[in-house]
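Inspection log for the structure reproduced underneath, given as structure tokens.
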Amino acid sequence: MPIWRPRPASELPKIPLSRWRIFETDDGSRHFVGVDMFDSSGRVSSPIVTFDPVTLEGTTQTGRIYELVGRKGGSLNVDYVWMQWCELYEVASYIDVTDRLLDGGDDDDPT
């Protein structure tokens, strides 16, 4: 399965994600990971800058807005894309911070 770079945020400023999660990498950056509802592909966002756990919308470093739709979850396609992304960017470890961010238990972080 090929992995490709997404179109610029200026061309596609808002993306709805289903079966989503939020991962924090070993360098502290956080990323939305889920199924792009426009084309059903797996997607990993650039680092998250802001995230609202009430509206389930967040903005990333590129300025793109991600709308998290439905319940959190996963899929084999998304897991594959995440693992390829981790290899490409040499991510040694990561944790799933989805529940912590949804519960508002991360007051020290601006996301």
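Read the figures in this text as sums done on the coordinates, not as results from a lab. Bear in mind the structure is a predicted one, so any value in this text is a computation, not a measurement. Cβ coordinates were reconstructed from backbone atoms using ideal geometry, including for glycine residues, and neighbour counts include every protein chain displayed.
With a cut-off of at most 13 other beta carbons within 10 Å, and DSSP calling the residue loop, which trypsin sites (Lys or Arg not before Pro) in the range 1-103 qualify? Please list them.
Values: sites: Lys14, Arg19, Arg21, Arg30, Arg43, Arg64, Arg71, Lys72, Arg100; in loops: Arg64, Arg71, Lys72.
Answer by residue number: Arg71.
Which shape class, rounded, prolate or oblate, goes with the range 6-97 when its Cα gyration tensor gives a ≥ b ≥ c as root eigenvalues, a/c under 1.5 marks rounded, and past that a/b bigger than b/c marks prolate? Before the final figure, lay out the partial values.
Numbers: a/c = 1.29, a/b = 1.22, b/c = 1.06.
Taking the square roots of the gyration eigenvalues as a ≥ b ≥ c, the range 6-97 is rounded.
Scanning the chain for GluC sites (Glu not before Pro) in DSSP loops with at most 15 neighbouring Cβ atoms within 10 Å leaves 12-89 as the longest stretch between them. Gain on full extension, evaluated as 0.36 nm per residue between Asp27 and Leu102 minus their Cα-Cα distance, stands at 24.9 nm.
So what's the back-of-envelope 222 nm ellipticity for the chain, counting only DSSP H runs of four-plus at -39500 (n - 2.57) apiece and dividing by all residues, rounded to 500? Working shown, then result.
Working: 2 runs with 18 residues, N = 111.
Calculated from helices alone, the mean residue ellipticity at 222 nm is -4500 deg cm²/dmol.
Between Asp39 and Leu76, the C-beta separation translates, for a Förster distance of 22 Å, into a calculated FRET efficiency of about 0.85.
Take the chain, mark every one of the chymotrypsin sites (Phe, Trp or Tyr not before Pro) that falls in a DSSP loop and has at most 14 other Cβ within 10 Å, then report the longest stretch left between them, sites excluded.
Values: sites that count: Trp4, Phe38, Tyr89.
The longest uninterrupted stretch comes out as 39-88.
Rounded to the nearest 0.05, what FRET efficiency do Tyr89 and Val69 give with R0 = 30 Å and r taken as the Cβ-Cβ distance? Could you check?
Working: r = 26 Å, r/R0 = 0.85.
After rounding to 0.05, the efficiency reads 0.70.
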